[in-house]
Amino acid sequence: MSEQPDSFAFDAESEAQIPKILARYPAGKQASAVIPLLYLVQEQMRRQTGSAWVPKAAMDVVAQRLSMPPIRVYEVATFYYMFNLRPIGRYHLQVCGTTPCMLRGAEEVMRACCDAAGVKGPGQTSADGLFTLTEVECLGACVNAPVLQVDEDYYEDLDYDRTVALIEALKRGERPPPGSTIGRQGSAAEGGPTSLTEV
Amino acid sequence: MAKVIVDGIEVEVPQGASVLQACEAAGKEIPRFCYHERLSVAGNCRMCLVEVEKAPKPVASCAYPVMDGMKVFTDTPMVRNARRGVMEFLLINHPLDCPICDQGGECDLQDQAMAYGRDVSRFTETKRAVKDKYVGPLIKTVMTRCIHCTRCIRFAAEVAGVPDLGATGRGETMEVGTYVEKAIASELSGNLIDICPVGALTSRPYAFTARPWELTKTDSIDVLDATGVPIRIDTRGAEVMRILPRQDDEVNEEWMGDRGRFSFDGLKRRRLDRPWVRRDGRLVPATWGEALEVLARRFRGRVGAVVGDTVDAEAIFALRELMLRLGSPNLDCRQDGAKIDARERAYYVFNSTIAGIEQADRLLIIGSNPRVEAPVINARIRKAVLAGLEVAHVGPPVDLTYPHRRVGLDTDFLEGAARPMVILGRGALARPDGAAVLARAWELARPSAEWNGFNLLHLFGGQVAALDLGFLPGPGGLDLAGMLAGGVDALWLLGADGFDAARIPPGVFVVYQGHHGEAAAARADVILPGAAYTEKDGTWVNTEGRVQQAFAAVVPPGEAREDWKIIRAASAALGVTLPFDTLAELREQHPLFALRGLVRTPLPDSPPGEPGPISDEPFVLPIRNYWQCDPITRASPTMAECARVFAPAAAPALAAE
């Protein structure tokens, strides 16, 4: 736990968000805002340190802000894999490994990630601190399998080469447009829509 | 009411009851792990599956509400198969270490696996292992054994009011713990051991010391606070191995404070196990004959007696009779100098009763921290608070585990309350204006014939009996302060360790009768070794005025004797032989001993105390260190460790032994 900072405080940008989030829930039920607030923490950490994660000190701050026991926040934060409880690389590569993606080549995508990003395997961070690779369960984009989620963006219809190209672009500091990497429109059939063509 | 037919037996249960409760009403035993009648329903162990007519699959009976006319089957092939399946899953990650598990022999999982477990495991993958957690000096954890019933989590959050436990992670990696290592800072933490259905949470002091089937069980009463928790003392041979609470819905439900549960190792240390006599300024071992001879020679002139806080009623009565026969009115049982008004019983007991807390609508606590003075009563207050009771507190800031307002004695908080309740700490009376505080508290409580919400919260199990028996200055008699101011030539201290023995003037002949050698014994001229509460048949009266019977679990060590016998022998030596030779004959001498259970107290016509000015002096809480506040707990290494961990500031530095 040596990487844990001693303290955490919401910055002005996060503070501006908190009242809007709390307003979504009825009075006395502020504890419901725990997930949005943890996301807020994670985004702030991305802004401030380049690593989107939730330190323990921040969970305590969230608990205090929502008047709930700290353990209740820890429970939520450890339950959802979307919260990183340890520092991660600048880019979080999340390879979907669930059946449709697996059948469509998720293992190739995983191999490409390891090769191009220099990561030893799932759960690891590259030596240069740029990439953390995670295997995740279904991302809900099965029609355009296989899918790689980079931070909040989905890159779909990947294969080995296109994954390598994507990671090289990220290394150069570029952000290729998210979505299908073969030019597919939304989740239409490959080669263009076959129905509702007039729309 | 809803009519439910369980295995052909028709029972009526209230609307909203669960199927499990209906099954219990029909006398059917439903296996369960996560369900606990005093905790919220979790419904996650799935062991209580039953078949309900027209339901397509087995239902978890603990979380399934009854409906009128529902037909439930608790023992069909479907039910049995379902439970077998659940059991198989529960055992997947449970280690097969029953032979080295302290829960063995009293383990719910072990028992229910006898009924629903397979003879061999079909699980060929590797079992998971979970790192043990440190949760304090009282609870030993073996988290691999945990089946995630979450009883401990719910107990900590709901009853103890210390929400430190939780389930972190998910699925295979779910773990019960505190996430950040910390000792569970609750005075009720020992109950986690009782409610854990498996061997994940066991008693650390009891670890690997005994098996449940080799223990002799004796019913007794916890006297280390004034709640009067009924306990069971488990002994092996002459040794107390552990202390567990019994159930009494009117007193403790089924909880118990840590001090009473874990301090018994103090009964084996620093004991007075033989008489001592001071010769040439030094205490030297003596025989009973020598000790009584010195006593008979020197306990003369202006004599006085003080009883301590955890003495049984029989000994108090015997000493009072002895003092009356010696013609001395100098008696006192208020070592703390509390300005208790004992003219009427209602002035010094917990009139609303512990169960009655749940009927009050507003509660004012004055000069007391019930969390450390009576943790079980505090848990009952917390239960009532969760159901709507409002609480205000007069005194220094304290963490009561439930929300409360801080007010002053001039408060109008109780005005308008239908059932106002005042809990007056005994510590609030131990100050010069105590009588005025008492009068003010009575006035605030507005007792009536229907509802008497005036409650005095005592600190130890022997205090009310001493007041009931009138161990107070007689006509013209001196109180403790008067005796210590040079009013007596000889002083008999019966377990009286609650005041500074250095206040006894030099030259006063001191008889110390008790079980632990502390400052008072060191000051004594004659030491008469007595019995601790586990070692004698005795009567105790709790803060409610509930008369309770305890039985001897072990014999006193060495030459120590039951206290009433010592006093009886001393009376013969002093030439004023008391008229009883057996405990039964002693008990015939006073009506208190014929009483059992709660003794209702009629409302007196006049208020207690003396109305007067109350100083602005803040209240001082009498117990700063929950774990070490009487001779037994001060001698206990377990309690010393607790004090070190939980209250480092309040704990005295360990003396080099």
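The values are calculated or read from the model by the stated rules, or taken from the named source; none is laboratory data. Please read all numbers here as calculations on a predicted model, not as lab measurements. We place every Cβ from the backbone using ideal geometry, glycine too, and count neighbours over all the protein chains shown. We work out accessible area using only protein heavy atoms, side chains counted, and drop any ligands, DNA or RNA first. Shrake-Rupley method; radii C 1.70, N 1.55, O 1.52, S 1.80 Å.
Hey, any hits in region B:161-168 for a residue that's assigned to a loop (DSSP other than H, G, I, E, B), open to solvent by 20 Å² or more (accessible area, probe 1.4 Å) and either within 14 Å of another protein chain (Cβ to nearest Cβ) or farther than 30 Å from B:Asn378 by Cβ (or both)? Looking through region B:161-168, at least one residue is assigned to a loop (DSSP other than H, G, I, E, B), open to solvent by 20 Å² or more (accessible area, probe 1.4 Å) and either within 14 Å of another protein chain (Cβ to nearest Cβ) or farther than 30 Å from B:Asn378 by Cβ (or both).
Filtered by the rule that a residue be surrounded by fewer than 24 Cβ atoms within 10 Å (Cβ to Cβ), of a type in the set (Lys, Arg) and either touching a His at 6+ places or on another chain (Cβ under 6 Å) or farther than 17 Å from B:Gly612 by Cα (or both), region B:419-449 gives B:Arg419, B:Arg446. In summary, B:Thr216 fulfils each of the numbered conditions (1) more than 14 Å from every other protein chain (Cβ to nearest Cβ); (2) of a type in the set (S, T, N, Q); (3) open to solvent by less than 10 Å² (accessible area, probe 1.4 Å) with the single exception of condition (3).
Counting only residues that are in a strand (DSSP E or B) and within 11 Å of the chain's Cα centre (by Cα), which one in region B:232-256 is nearest to B:Val376 (Cα to Cα)? Quick ask: steps written out before the conclusion?
So in region B:232-256, the residues in a strand (DSSP E or B) come out as B:232-236, B:239-245, B:248, B:253.
Okay, now just the ones that are also within 11 Å of the chain's Cα centre (by Cα), so B:243-245.
On the way: B:Ile243: 16, B:Leu244: 14, B:Pro245: 11 Å.
My answer is B:Pro245.
Taken as a whole, the condition of being within 28 Å of B:Leu91 (Cβ to Cβ), open to solvent by less than 20 Å² (accessible area, probe 1.4 Å) and either of a type in the set (Ser, Thr, Tyr) or in contact with a Gly (Cβ under 6 Å, 6 or more places away or on another chain) (or both) applies to B:Arg145. In summary, B:Ala183 fulfils each of the numbered conditions (1) surrounded by fewer than 24 Cβ atoms within 10 Å (Cβ to Cβ); (2) under 30 Å from B:Glu562 (Cα atoms) with the single exception of condition (2). Each residue in region B:551-571 was checked for being closer than 13 Å to B:Glu321 by Cβ and either part of a loop (DSSP other than H, G, I, E, B) or open to solvent by 40 Å² or more (accessible area, probe 1.4 Å) (or both), and 1 pass. When region B:169-202 is filtered for residues that are within 11 Å of another protein chain (Cβ to nearest Cβ), in a loop (DSSP other than H, G, I, E, B) and touching a His at 6+ places or on another chain (Cβ under 9 Å), only B:Met174 remains. All conditions in (1) under 27 Å from B:Leu621 (Cα atoms); (2) buried (at least 22 other Cβ atoms within 10 Å of the Cβ) hold for B:Ile527, with the sole exception of (1).
Conditions tested, residue by residue: (1) in contact with a Gly (Cβ under 6 Å, 6 or more places away or on another chain); (2) modelled with pLDDT of 95 or more; (3) of a type in the set (Asp, Glu); (4) within 23 Å of B:His36 (Cβ to Cβ).
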residue: B:Lys182; (1), (2), (3), (4): no, no, no, no
residue: B:Val198; (1), (2), (3), (4): no, yes, no, yes
residue: B:Leu201; (1), (2), (3), (4): no, yes, no, yes
residue: B:Ile231; (1), (2), (3), (4): no, yes, no, yes
residue: B:Glu253; (1), (2), (3), (4): no, no, yes, yes
residue: B:Gly257; (1), (2), (3), (4): no, yes, no, yes
residue: B:Lys268; (1), (2), (3), (4): no, no, no, no
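Scanning region A:157-178 for residues that are in contact with an Asp or Glu (Cβ under 7 Å, 6 or more places away or on another chain) and either open to solvent by 80 Å² or more (accessible area, probe 1.4 Å) or assigned to a loop (DSSP other than H, G, I, E, B) (or both) yields A:Asp159, A:Pro178. Any idea which residue in region B:203-214 is nearest to B:Glu37 (Cα to Cα), counting only those that are outside any strand (DSSP E or B) and touching a residue at least 40 places away in the same chain (Cβ under 8 Å)? The extreme case among them is B:Pro212. When B:Leu484, B:Leu478 are checked against the criterion of being surrounded by fewer than 23 Cβ atoms within 10 Å (Cβ to Cβ), over 21 Å from B:Glu610 (Cβ atoms) and touching a helix residue (DSSP H, G or I) at 6+ places or on another chain (Cβ under 8 Å), a single residue qualifies: B:Leu484.
Total residues in region A:20-73 satisfying the condition of being surrounded by fewer than 17 Cβ atoms within 10 Å (Cβ to Cβ), more than 16 Å from the chain's Cα centre (by Cα), of a type in the set (D, E, K, R) and more than 23 Å from B:Tyr402 (Cα to Cα): the figure is 2. Screening B:Leu409 with (1) open to solvent by 20 Å² or more (accessible area, probe 1.4 Å); (2) closer than 24 Å to B:Leu603 by Cα; (3) within 23 Å of the chain's Cα centre (by Cα) gives one miss only, at (3).
Listed residues B:Ala532, B:Ala550; which is at pLDDT 95 or above, small (Gly, Ala, Ser) and within 20 Å of B:His590 (Cα to Cα)?
Working: B:Ala532 fails: within 20 Å of B:His590 (Cα to Cα).
Matching residue, one of B:Ala532, B:Ala550: B:Ala550.
Looking at region B:575-590, is at least one residue touching a strand residue (DSSP E or B) at 6+ places or on another chain (Cβ under 8 Å) and in a helix (DSSP H, G or I)? Within region B:575-590, one or more residues are touching a strand residue (DSSP E or B) at 6+ places or on another chain (Cβ under 8 Å) and in a helix (DSSP H, G or I). One residue alone among B:Gly486, B:Gly545 is free of Cβ contacts under 8 Å to residues at least 24 places away in the same chain and at positive phi, and that residue is B:Gly486. When region B:133-154 is limited to residues that are under 23 Å from the mean Cα position of the chain (by Cα) and part of a loop (DSSP other than H, G, I, E, B), the one that is nearest to the other protein chains (Cβ to nearest Cβ) turns out to be B:Val135. Count of region B:19-61 residues, restricted to those that are open to solvent by 10 Å² or more (accessible area, probe 1.4 Å), more than 20 Å from B:Ala200 (Cβ to Cβ) and in contact with a helix residue (DSSP H, G or I) (Cβ under 6 Å, 6 or more places away or on another chain), is 4. The residue that is surrounded by the fewest Cβ atoms within 10 Å (Cβ to Cβ), among those in region B:501-524 that are not in a strand (DSSP E or B) and not hydrophobic (A, V, I, L, M, F, W, C), is B:Pro506. The one condition from (1) aliphatic (A, V, I, L, M); (2) assigned to a helix (DSSP H, G or I); (3) out of contact with any helix residue (DSSP H, G or I) (no Cβ under 6 Å at 6 or more places or on another chain) that B:Met87 does not meet is (3). Between B:Ala157, B:Ala226, the distinction of being touching a residue at least 24 places away in the same chain (Cβ under 8 Å) and either touching an Asp or Glu at 6+ places or on another chain (Cβ under 9 Å) or within 13 Å of chain A (Cβ to nearest Cβ) (or both) belongs to B:Ala226 only. For region B:28-42: of the residues being within 26 Å of the chain's Cα centre (by Cα) and of a type in the set (D, E, K, R), which is nearest to B:Thr74 (Cα to Cα)? So, considering only residues that are within 26 Å of the chain's Cα centre (by Cα) and of a type in the set (D, E, K, R), the one nearest to B:Thr74 (Cα to Cα) is B:Glu37.
With respect to B:Asp410, is the statement that it is farther than 23 Å from B:Ile623 by Cα and outside any helix (DSSP H, G or I) true? Answer is yes for this residue.
Give the residues of region B:413-451 that are of a type in the set (Lys, Arg) and under 17 Å from B:Ala374 (Cβ atoms), sorted by residue number. Full working, then the answer.
First, pick out the residues of region B:413-451 that are of a type in the set (Lys, Arg): B:419, B:426, B:431, B:440, B:446.
Once the filter is applied, which keeps residues that are of a type in the set (Lys, Arg) and under 17 Å from B:Ala374 (Cβ atoms), region B:413-451 yields only B:Arg426.
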